[in-house]
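What follows is a single structure, written as structure tokens, with notes after it.
The values are calculated or read from the model by the stated rules, or taken from the named source; none is laboratory data. Since we're looking at a predicted model, the values are computed, not measured. All Cβ positions, even for glycine, are placed from backbone atoms using ideal geometry, and neighbour counts span all protein chains on display. For the accessible areas, the whole protein counts, side chains as well, though only heavy atoms, and no ligand, DNA or RNA atoms are used. Shrake-Rupley method; radii C 1.70, N 1.55, O 1.52, S 1.80 Å.
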Amino acid sequence: MTQRAIQWGIAGQSGRSSNSNTGELVNLYAEGRPQNSKSPIALFGTPGLTLFSTLPTSKVLAMRSMDGVLYALTETALYSITSLGVATSIGTVVLSGFVSITDNGTSLIFVDGTKGYTYSVSAGLVELTAGDNWYPGNTVTFQDGYLILDRSDTNQFFISNINSTTFTATDFASVNGDTSDIIAVISDHRELWLFTSFAVEIWYNSGNADFTFERMQGA
């Protein structure tokens, strides 16, 4: 990786003054400035990275390790990569922008807000469609055997059948503390975090027969 000193203007934003602008250190760390001091600081480099693999297509949108195999996604293909960095194309995809990826131990699933795909060694690469009771989602996460996705442009989320990449039309729910759209779902320490534009709700696996997840009251 090429070492750069400071990349000014994170995410295209700039401060009121270039003298006090924020910056992002890449492969460097700052040392030597006491708190509230105006004295200069020293930037020390960290070891660079060794090139591991170059894919035939670009750009890399997401990676995931499953069952000891590294998988990488570009805008047009899914690849498996050996421990020696040798990439093999598994199949073609159509993806763009931010891609969210996870697995349930035997199958990958990845989404970009418009399209979604699954992959397993036994079933191969499969594009999800409305006929699969699947809806476009921005993010996907995994908990207790369930794949969990937000439904794009709604305040709903839906789950897979347990230990499966198939879906049932009635297995969905809505956040009830906020009416804005869910923009991301994350499983952390067996808690399901549902992020909307203005709030966060935490749900958990209650084992309810009608719908597995319930809101954690008071969280």
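Brief remarks follow.
- Counting only Cβ charges, +1 for Lys and Arg and -1 for Asp and Glu, the dipole size of the stretch 142-207 around its Cα centre is about 140 debye.
- Per residue solvent-accessible surface (Å²) - the stretch 69-197, probe of 1.4 Å: 44 Å²
- Inter-site label distance for THR82 and GLU191 at 7 Å from Cα along Cβ, in nm: 4.4 nm
- Around ASN176: net Lys/Arg minus Asp/Glu count, Cβ-Cβ under 11 Å: -2
- R0 of 25 Å, Cβ-Cβ distance ASP67-SER89: FRET efficiency to nearest 0.05: 0.85
- Rough spin-label spacing in nm, given labels placed 7 Å along Cα→Cβ, for LEU49 and SER122: 3.4 nm
- Qualifying chymotrypsin sites (Phe, Trp or Tyr not before Pro) in the stretch 76-163, DSSP loop, other Cβ atoms within 10 Å at most 13: PHE98
- Placing a label point 7 Å from the Cα of ALA209 along the Cα-to-Cβ direction, the residues of the stretch 146-173 whose backbone N falls under 17 Å from that point are 171.
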